[in-house]
Amino acid sequence: MLYGRKDFEKMTNHQYDYIKGLNGHFEIALYVDTFEEVDASFRRTVENGATPVLEPTTESWGQRTCYIADPEGNLIEIGSWNKPYEEKDS
């Protein structure tokens, strides 16, 4: 999924300020099936050189999410509703 910055801020009801080195032009969102996979994916990507932006957090709306940045400063979200992708909207 790709979100425009203003669309994402409106959706989450939060304004985001990007730290130096992050471009914030777009975000790539990746889904994993479990909360544990969010945590493990965050650790693994940071160990392999990704820049940590937001450590795994369970949001008030029930999603566990984290953010990393690739070497060009693009934001990548890894998130889960703690159920398989096919069942996440049910």
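The values are calculated or read from the model by the stated rules, or taken from the named source; none is laboratory data. All of these numbers come straight from a predicted model, not from anything done at the bench. Heads up, the Cβs are rebuilt from the backbone with ideal geometry, glycines too, and the neighbour counts pull from every protein chain shown. For accessibility, only protein heavy atoms count, side chains too; no ligands or nucleic acids. Shrake-Rupley method; radii C 1.70, N 1.55, O 1.52, S 1.80 Å.
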Filter the range 23-63 down to the residues that are under 23 Å from residue 13 (Cβ atoms) and free of Cβ contacts under 8 Å to residues at least 40 places away in the same chain and list them by number.
53, 54, 55, 56, 57, 58, 59, 60, 61, 62, 63
Among the residues of the range 16-31, are any at pLDDT below 90, open to solvent by 60 Å² or more (accessible area, probe 1.4 Å), touching a helix residue (DSSP H, G or I) at 6+ places or on another chain (Cβ under 7 Å) and part of a loop (DSSP other than H, G, I, E, B)?
yes
Would you mention how many residues in the range 54-63 are open to solvent by 40 Å² or more (accessible area, probe 1.4 Å) and part of a strand (DSSP E or B)?
4
Can you name every residue in the range 29-69 that is under 12 Å from the mean Cα position of the chain (by Cα) and within 19 Å of residue 17 (Cβ to Cβ)?
52, 53, 54, 55, 57, 59, 65, 66, 67, 68, 69
Residue 42 passes all but one of (1) open to solvent by 80 Å² or more (accessible area, probe 1.4 Å); (2) in contact with a Pro (Cβ under 8 Å, 6 or more places away or on another chain); which number fails?
(1)
Where residues in the range 64-90 are in contact with a Gly (Cβ under 7 Å, 6 or more places away or on another chain) and open to solvent by 30 Å² or more (accessible area, probe 1.4 Å), which of them is farthest from residue 32 (Cα to Cα)?
64
Spot the failing condition for residue 47; the list is (1) surrounded by 11 or more Cβ atoms within 10 Å (Cβ to Cβ); (2) at pLDDT 95 or above, and only one is missed.
(1)
